[in-house]
1. Taking the options ILE23, ILE7, name whichever one is surrounded by fewer than 16 Cβ atoms within 10 Å (Cβ to Cβ) and at pLDDT 85 or above.
2. Within the range 38-48, does at least one residue satisfy the condition of being within 21 Å of THR109 (Cβ to Cβ), out of contact with any Phe, Trp or Tyr (no Cβ under 6 Å at 6 or more places or on another chain), touching a residue at least 12 places away in the same chain (Cβ under 8 Å) and surrounded by 13 or more Cβ atoms within 10 Å (Cβ to Cβ)?
3. Among the residues of the range 26-37, which ones are touching a residue at least 12 places away in the same chain (Cβ under 8 Å), under 21 Å from GLY56 (Cβ atoms) and either small (Gly, Ala, Ser) or crowded, with 16+ Cβ neighbours inside 10 Å (or both)?
4. Is there any pair with a first residue in the range 90-106 that is hydroxyl-bearing (Ser, Thr, Tyr) and a second that is modelled with pLDDT under 90 whose Cβ atoms are under 9 Å apart and which are 6 or more apart or on different chains, and what are they?
5. Which count do you get for residues in the range 1-27 that are aromatic (Phe, Trp, Tyr) and within 11 Å of the chain's Cα centre (by Cα)?
6. Sort out which residues of the range 72-91 are hydrophobic (A, V, I, L, M, F, W, C) and either modelled with pLDDT under 65 or closer than 13 Å to LEU13 by Cβ (or both), and write them in order of number.
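The values are calculated or read from the model by the stated rules, or taken from the named source; none is laboratory data. What you see is a predicted model; the values in this text were computed from it and never measured. Virtual Cβ from ideal backbone geometry, glycine too; neighbours counted across all protein chains shown.
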Amino acid sequence: MSWKQTITVFEALDSAHVSGETIKEIFAPYQKVTVSVQTVTGEEGSTDFVKIVIPGKNGKSTGGSAPTFGIIGRLGGIGARPSRIGMVSDADGAIAAIASALKLADMQTMCKYWHGCCNSILSRKS
């Protein structure tokens, strides 16, 4: 994983207003990457499920036969707002998973392709 992507993701998540849409905005410049966000709301708040798909050179998502590589994070909260400010220790999983996907997206722009595609599936509870 790259320090650049880690810092980018850390800074984006370290906000009282972070949501799955924040992650979608990070990946907006990457034309071949698709990000979907589904928010589920319950009595105690809401959870954003984020899926990031980075197609490979010969992956099934592009009609090829190579398997899909996955980065899956079942994550706890990234903050304890409003009672606490800042990020909590559980945020490290979200940062690592999203930064890894961001590094793969950056690699793709430099024509460093892998055969399959990459799915990064994350959830965030608020």
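1. Exactly one of ILE23, ILE7 is surrounded by fewer than 16 Cβ atoms within 10 Å (Cβ to Cβ) and at pLDDT 85 or above, namely ILE7.
2. First, pick out the residues of the range 38-48 that are within 21 Å of THR109 (Cβ to Cβ): none.
Checked against the condition, which is being within 21 Å of THR109 (Cβ to Cβ), out of contact with any Phe, Trp or Tyr (no Cβ under 6 Å at 6 or more places or on another chain), touching a residue at least 12 places away in the same chain (Cβ under 8 Å) and surrounded by 13 or more Cβ atoms within 10 Å (Cβ to Cβ), the range 38-48 yields no hits at all.
3. Narrowing the range 26-37 to residues touching a residue at least 12 places away in the same chain (Cβ under 8 Å): 26-27, 30, 32-37.
With under 21 Å from GLY56 (Cβ atoms) added as a condition, the list becomes 26-27, 30, 32-36.
Once the filter is applied, which keeps residues that are touching a residue at least 12 places away in the same chain (Cβ under 8 Å), under 21 Å from GLY56 (Cβ atoms) and either small (Gly, Ala, Ser) or crowded, with 16+ Cβ neighbours inside 10 Å (or both), the range 26-37 yields ILE26, PHE27, TYR30, VAL33, VAL35, SER36.
4. SER100/MET1; SER100/ILE71; SER100/CYS118; SER100/SER120
5. 1
6. Of everything in the range 72-91, those that are hydrophobic (A, V, I, L, M, F, W, C) and either modelled with pLDDT under 65 or closer than 13 Å to LEU13 by Cβ (or both) turn out to be LEU75, ILE78, MET87, VAL88, ALA91.
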